[in-house]
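FYI, it's all coordinate maths here, none of it is from the lab. Bear in mind the structure is a predicted one, so any value in this text is a computation, not a measurement. Cβ placement follows ideal geometry from the backbone for every residue including glycine, while neighbour counts extend to all protein chains displayed.
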Amino acid sequence: MDHRNVRWVKSSYSGGSGTECVETARLASRTAVRDSKRPGEPHISFSAATWAEFVHALKDEAL
């Protein structure tokens, strides 16, 4: 699958200095993650279940 044409969204928690920018994109059954400063570099992706577990753990940690 060509991931160049997916809609990437920058995290609202990315640092204001522009040095800590993470973007995610929803793929068919996965979530892709990349460094927004290097959009042409490879990205990593996670299954929907793994990504949901990660986000849930982050929310629990923030409480």
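³J(HN,Hα) across segment 26-43 via Karplus (A = 6.51, B = -1.76, C = 1.60, θ = phi - 60°), whole Hz, x for Gly/Pro?
Taking θ as phi minus 60°, the curve returns 7, 9, 3, 9, 9, 10, 9, 10, 8, 7, 5, 6, 9, x, x, 7, x, 10 Hz for segment 26-43.
Would you mind checking which residues have amide H under 5 Å from GLU20's amide H? H placed 1.01 Å from N; only 5 or more apart, or other chain.
Under 5 Å from the amide H of GLU20: GLY15.
Name the residues whose placed amide hydrogens come within less than 5 Å of the amide hydrogen of HIS43, ignoring near sequence neighbours (fewer than 5 apart) on the same chain.
Residues meeting the criterion, in which the H sits 1.01 Å from N, do not exist here.
Report the net charge of residues surrounding VAL33, where surrounding means a beta-carbon distance below 15 angstrom and charges are Lys +1, Arg +1, Asp -1, Glu -1. Could the numbers behind the result be given before it?
On the way: positive: ARG7, LYS10, ARG26, ARG30, ARG34, LYS37, ARG38; negative: GLU20, GLU23, ASP35, GLU41, GLU53.
Summing Lys/Arg as +1 and Asp/Glu as -1 gives +2.
Work out the P(r) tail for segment 3-62: percent of alpha carbon pairs separated by more than 18 Å, whole number.
Details: 652 of 1770 pairs.
Tail of the P(r) past 18 Å holds 37 percent of the pairs.
In nm, to one decimal, how far is the SER11 label point from the PHE54 one, both placed 7 Å along Cα→Cβ?
0.9
For Cα pairs less than 8 Å apart in space and 6+ apart in sequence, what is the mean separation divided by the residue count of segment 3-62, i.e. the relative contact order in percent? Could you put the intermediate results ahead of the total?
Details: 69 pairs, mean separation 13.2, N = 60.
In percent, rounded to a whole number, it is 22.
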